[in-house]
Number of protein chains: 2
Amino acid sequence: MDPRADSPDDAGTLPHVLVLGGGFGGLWATRALAAAPVRITLVDRTNHHLFQPLLYQVATAGLSAPDVAAPLRHILRKQANATVRLDEVRAIDPHARRVALAQGQLHYDYLVVATGSTHAYFGHDEWAGFAPGLKTLDDALAIRTRVLSAFEAAEREDDPLQRAAWLNFVVIGGGPTGVELAGTLAEIARHTLPREFRRAEVRDARIHLVEAGPRVLAAMPEDLSEKTRQQLQRLGVQVHTGDAVTAIDAEGITLAGRRLASRTVLWAAGVAASPLGSQLGAPTDRAGRVLVAPDLSLPGHPEVLVIGDLASVTQDGKPVPGVAPAAKQMGAHAAAVIRDRLRGVAGEPFRYRDYGNLATIGRMAAVVHFGRLKLSGLLAWWFWLVAHLFFLIGFRNRIIVLTNWAWSYWTYQRHARIIVGRPPPDE
Amino acid sequence: MDPRADSPDDAGTLPHVLVLGGGFGGLWATRALAAAPVRITLVDRTNHHLFQPLLYQVATAGLSAPDVAAPLRHILRKQANATVRLDEVRAIDPHARRVALAQGQLHYDYLVVATGSTHAYFGHDEWAGFAPGLKTLDDALAIRTRVLSAFEAAEREDDPLQRAAWLNFVVIGGGPTGVELAGTLAEIARHTLPREFRRAEVRDARIHLVEAGPRVLAAMPEDLSEKTRQQLQRLGVQVHTGDAVTAIDAEGITLAGRRLASRTVLWAAGVAASPLGSQLGAPTDRAGRVLVAPDLSLPGHPEVLVIGDLASVTQDGKPVPGVAPAAKQMGAHAAAVIRDRLRGVAGEPFRYRDYGNLATIGRMAAVVHFGRLKLSGLLAWWFWLVAHLFFLIGFRNRIIVLTNWAWSYWTYQRHARIIVGRPPPDE
């Protein structure tokens, strides 16, 4: 027998639910099946659940990696019907009900595919090396190293033009991640670093936020987009809207036909669904997301549920957004569908409940849109902070993150300014 | 003019003190020159000062990297006569008073060489890949990934022999680092992880501590070595003394002619001085440390001071140990010698003041030897904790480290159990 096939102790009489991905969708699906008569295997290629809404804080040295992540095993330690497996999905075969992994294969009775999304460079994959995106902890640590190393290179550099290129930062994409990155970079350059550098004029650093569409935070009402632009400009960010980037290389970008010299370009513009979506044999949308049935199942395969950023769901003529609350709701719904199926009942259609939308901009500034409530500025920032702390998994994380926040607030310091790993080559 | 040579704004009428290395030696030398009429450049290849005594906690997932490190720029932000440069030393030319860096070169009037030590494999450099050592934050994160990945591999593994090899951990070297690593690994296997794994019997994990000499913690009095051995055994560590390792490969080690299967071998056995020592043209000892003059200067070069782990100093017939207090004292002494030279006075000879010796073993166990005071067990652990918190740089770090410690103590949890970077290949 192939030792990598399902092993004897994996077998059992209970139906096997295989969950691919330990993000908001997969983890919420797993937890919602805690009392169901199933055995669950949750597969992820990392050992942790990541609280992605705070990932930009790791990239900008405000938080440590373990502050925004918790081991999946630890989260699920008390859920006796769930097993966690650190492994990477290679292929899905819906007909044989089998998933090939890097280290073996697993059969399933029910499959929940929640492998999320990755960066997309709109057909310009060669930009990936020059403009890293932010999806994983490794991405965040790589961006942190790149940003901190740029200030160090500016301090070493004698040529004023080169020095300016090291102090020019470009963030591409005016969604929440782009706005958060740009606002925080401006805060670092204006407040955190200046006293510490002797030669580079860190206060002269330029932060450019580039959005091809007409406004930043396009998911927000227009007046909040405008407020966001004003708050960003007050922080010192140069906001470019309505112009697309046509080239990115190691020396900078081309924007609206003009060159902008920059040694640090960050990508927050496009996402594409995980490539596993295309293996399921169902139609996908332009971003590679699977067009699921109303109950989130794969058309023709009621035993396969596709959720989170990987699922393309339209509701009232609008796409359900790729945000954490939507993924959690889909996870819970997938679990409900599986419980229904186990009892021989058809699954209900999924309905997304939109509780609102919020984004932070920088020190003490945010925008919030909750139903008819619209907030901006300091009050929105407090709202944002409380909401994020509330949803952060793990009591300890909340205390530590709050402590770090208080520390940063009073001192302007960002404690995680530690370069690990090799910085990218300077020249 | 070569733009990488000293730039005009580096020039000045004040003597230029170049400090190589931002560890305890280099940083303490820099700080002790704060009021001296000199301009100082501190060069380090990382951007942070590392509190090495707690590095094993990063490797064993008890602390985050930023908890035990602080940016050198931040530490020195108020010291107007000091500039920090992130760069790597390539060569030292004592005759031309010039140091070649990866990104340029610098001239000096006084040079403080404090580049420390690295792992040594006693002529078996091929062991480095199988038995990583612990000197830098990158080392610590690589060890953390390796250790956590081994438990994950055991959980995936179906073959009992292979599973056992994944659950066998070997620590080579019975000094303080080896004792700390072995004790903490035992704590993780016994207390932190068992509830979270479903298939691997994590409690069956074996931790082996291998010391070629007759006893662990050889720098301690014999009775404390024996106490340490007993405490380690109580934690479940198998202590092997008096036997040398003769082979290390991906499958395990050979010890006293017998094979010990293990997929995770950690190296805490030998250190060698930084290779820069050999470039100074002075005699070195067997470990590559420079035999300095009584005032710590390089023989024949009173303007060059060699300090910390790179300096070989004998006092009362015994070598001054390579520990943090010795490096700090040498740093302060080097600064005093430079101040003397500036006034035309010869430097005093260095005298090491030995305040004692302490090591932690694991949860609530430590040994302390301070003058005539000998402690072991819980009281020693509290002593160790207070001493380490006291010496940790930065008020915030102390609070965070103490919080994490309290959390670990009450919950047995280690919050930083986050695998970042690619784990080593399984097979």
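The values are calculated or read from the model by the stated rules, or taken from the named source; none is laboratory data. Quick caveat, the model's predicted, so the values are computed rather than measured. Cβ atoms come from the backbone with ideal geometry, glycine included; neighbour counts cover every protein chain shown. SASA here: full protein model, heavy atoms, side chains in, ligands and nucleic acids out. Shrake-Rupley method; radii C 1.70, N 1.55, O 1.52, S 1.80 Å.
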Worksheet item: For A:T13, which inter-copy label distances result when the label point lies 7 Å beyond Cα on the Cα-to-Cβ vector, reported in nm to one decimal and in ascending order?
Response: 9.5
Item to complete: Ignore the peptide's own chain and count Cβ atoms of other chains within 10 Å of each Cβ in A:70-81; give me the average, rounded.
Response: 4
Worksheet item: With the Cα gyration tensor of the stretch B:1-127 giving a ≥ b ≥ c as the square roots of its eigenvalues, does the rule (a/c under 1.5 for rounded; else a/b larger than b/c for prolate; else oblate) give rounded, prolate or oblate?
Response: oblate
Practice prompt. Would you please calculate the Kirkwood hydrodynamic radius of the stretch B:303-417 over all C-alpha pairs and express it in Å, rounded to one decimal?
Written response: 16.9 Å
Response to the item:
Here Rg/Rh (Cα, Kirkwood) for the stretch B:48-188 equals 1.08
Response to the item:
Distances in nm between the label point of A:Y355 (7 Å along Cα→Cβ) and its equivalents in the other copies, shortest first, are 5.1
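For a quick protection proxy, order the peptides A:73-79, B:75-81, A:358-364 by their average other-Cβ count within 10 Å, most packed first.
Values: A:73-79: 19.3, B:75-81: 16.3, A:358-364: 23.1.
Peptide ranking by packing, descending: A:358-364, A:73-79, B:75-81.
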Worksheet item: Using alpha carbons only, how many degrees (0 to 90, rounded to 10) separate the axis of helix A:137-156 from the longest principal axis of chain A?
Response: 10 degrees
Worksheet item: What relative contact order, as a whole-number percentage, does chain A give when Cα pairs under 8 Å and 6 or more residues apart are counted?
Response: 19 percent
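Could you list the square roots of 5 times each eigenvalue of the Cα gyration tensor of the stretch B:184-267, that is, the equivalent ellipsoid semi-axes, sorted largest first and rounded to whole Å?
On the way: eigenvalues 116, 76, 14 Å².
Largest first, the stretch B:184-267 gives 24, 19, 8 Å.
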Response to the item:
Measuring from its Cα centre, the protein assembly as shown shows a charge dipole (+1 at each Lys and Arg Cβ, -1 at each Asp and Glu Cβ) which, in debye to the nearest 20, is 2360 debye
Worksheet entry | Magnitude of the charge dipole, chain A, Cβ model with Lys/Arg +1 and Asp/Glu -1, debye to 20 | 1180 debye
Response to the item:
Between the residues A:A287, A:L305, A:G317, the Cα farthest towards the positive end of the dipole of the stretch A:258-325, that dipole coming from +1 and -1 charges on the beta-carbon of Lys, Arg, Asp and Glu, is from A:A287
Discussion item. Modelling each spin label as a point 7 Å along the Cα-to-Cβ direction, I'd like the B:K318/A:A102 distance in nm, to one decimal.
Written reply: 4.9 nm
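Would you kindly state how much longer the chain becomes between A:L14 and A:A247 on full extension, computed as 0.36 nm times their sequence separation minus their alpha carbon distance, in nm to one decimal?
Gain on extension, A:L14 to A:A247, equals 78.5 nm.
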Practice prompt. Just report the Cα centroid separation between the stretch B:232-277 and the stretch A:84-116, whole Å.
Written response: 38 Å
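On average, how many beta carbons from a partner chain sit within 10 Å of the beta carbon of a residue in B:35-46?
Numbers: counts 0, 0, 0, 0, 1, 0, 1, 0, 0, 0, 2, 4.
Mean shielding count: 1.
Taking only the Cα atoms of chain A, how large is their convex hull per residue, in Å³? Write down the numbers at each step before the final one.
Details: hull volume 63.3 nm³, N = 427.
Roughly 148 Å³ of hull volume per residue.
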Worksheet item: Share of Cα-Cα pairs in the protein assembly as shown beyond 54 Å, in percent?
Response: 15 percent
Response to the item:
In the stretch B:146-163, accessible area falls by at least 10 Å² from chain alone to full assembly (1.4 Å probe) for B:E152, B:E155, B:R156, B:D158
Fill in: Label spacing, shortest first and in nm, from A:G371 to its equivalents in the remaining copies (7 angstrom along Cα→Cβ)
7.0
Worksheet item: Relative contact order for the stretch B:329-427: what is it in percent, counting Cα pairs under 8 Å that are at least 6 residues apart?
Response: 13 percent
Response to the item:
Taking only the alpha-carbon positions of the stretch B:127-192 as identical scatterers, the Debye log10 I(q)/I(0) at q = 0.24 Å⁻¹ comes out as -1.22
Worksheet, complete the sentence: Taking a straight Cα-to-Cα line shorter than 19 Å from B:K374, and setting aside same-chain lysines fewer than 8 residues away, one finds B:K227
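From the alpha carbon gyration tensor of the stretch B:125-269, can you work out the equivalent ellipsoid semi-axes (sqrt of 5 times each eigenvalue) and give them in Å, largest to smallest? List each step's numbers first, then the result.
On the way: eigenvalues 110, 60, 43 Å².
Output for the stretch B:125-269: semi-axes of 23, 17, 15 Å.
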Worksheet item: Just which residue of chain B brings its Cβ nearest the axis of rotation onto chain A, and by how many angstrom, rounded whole?
Response: B:S64, 2
